[in-house]
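K.L.:
Pasting a structure below so you can have a look.
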Amino acid sequence: MRTRQVGRRPVIEVLYVQDCPNYPGTLLVQRVLADLGIDAEVRTTLIIDRAAAEQARFAGSPTVRVDGRDVEPGSEPPSEISVACRLYRLEHRLAGQPTEAWIREALLRAVGRP
């Protein structure tokens, strides 16, 4: 179980593969941070091969994590490692990136806000 350290900034990781058409959309992370007034460190990582994907526990592109935890509910640990585009299961469809709500919820949880 991870505990939030008071005064520590959350770390947001955006992991992606080259030419992923859904990667630019994940940069909405910056807008969500601004909307919530949260100061966080944002890291982007290009996954270049299978070895890098395995080391990063990469579920596909794009992957967004807050403090090391994937923002997609129920996706930890990843069911498979992939150096390809990722599909997210939404209520009635598939999507190429996580929802803004998932990112918002993960950030609020990281800073201990409801």
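The values are calculated or read from the model by the stated rules, or taken from the named source; none is laboratory data. What you are looking at is a predicted structure, and each value in this text was computed from that prediction instead of being measured. So basically every Cβ, Gly included, is an ideal-geometry build from the backbone, and we count neighbours across all protein chains shown. For the accessible areas, the whole protein counts, side chains as well, though only heavy atoms, and no ligand, DNA or RNA atoms are used. Shrake-Rupley method; radii C 1.70, N 1.55, O 1.52, S 1.80 Å.
K.L.:
Within segment 12-34, work out how many residues are more than 13 Å from the chain's Cα centre (by Cα) and among the small types (Gly, Ala, Ser).
P.N.:
Count: 1.
K.L.:
Related question: Looking at (1) at pLDDT 95 or above; (2) in a loop (DSSP other than H, G, I, E, B); (3) of a type outside the set (Gly, Ala, Ser), find the lone condition where residue 15 falls short.
P.N.:
(2)
K.L.:
Let me ask something else about it. I want to confirm something. Restricting to segment 43-70 and keeping residues that are of a type outside the set (A, V, I, L, M, F, W, C) and open to solvent by 70 Å² or more (accessible area, probe 1.4 Å), which single residue is farthest from residue 81 (Cα to Cα)?
P.N.:
43
K.L.:
Please go through segment 41-57 and give me each residue that is modelled with pLDDT of 95 or more and in a loop (DSSP other than H, G, I, E, B), ordered by number.
P.N.:
The answer is 47, 48, 49.
K.L.:
Among the residues of segment 59-83, which ones are touching a Ser or Thr at 6+ places or on another chain (Cβ under 7 Å) and among the hydrophobic types (A, V, I, L, M, F, W, C)?
P.N.:
The answer is 59, 64.
K.L.:
Separate question: Out of the residues in segment 71-114 meeting the condition of being touching a helix residue (DSSP H, G or I) at 6+ places or on another chain (Cβ under 9 Å), closer than 13 Å to residue 10 by Cα and part of a helix (DSSP H, G or I), tell me which one is most open to solvent (accessible area, probe 1.4 Å).
P.N.:
So the residue we want is 104.
K.L.:
Okay, next question. Test residue 32 against the stated conditions and say whether it is outside any strand (DSSP E or B) and in contact with a helix residue (DSSP H, G or I) (Cβ under 9 Å, 6 or more places away or on another chain).
P.N.:
In short, yes.
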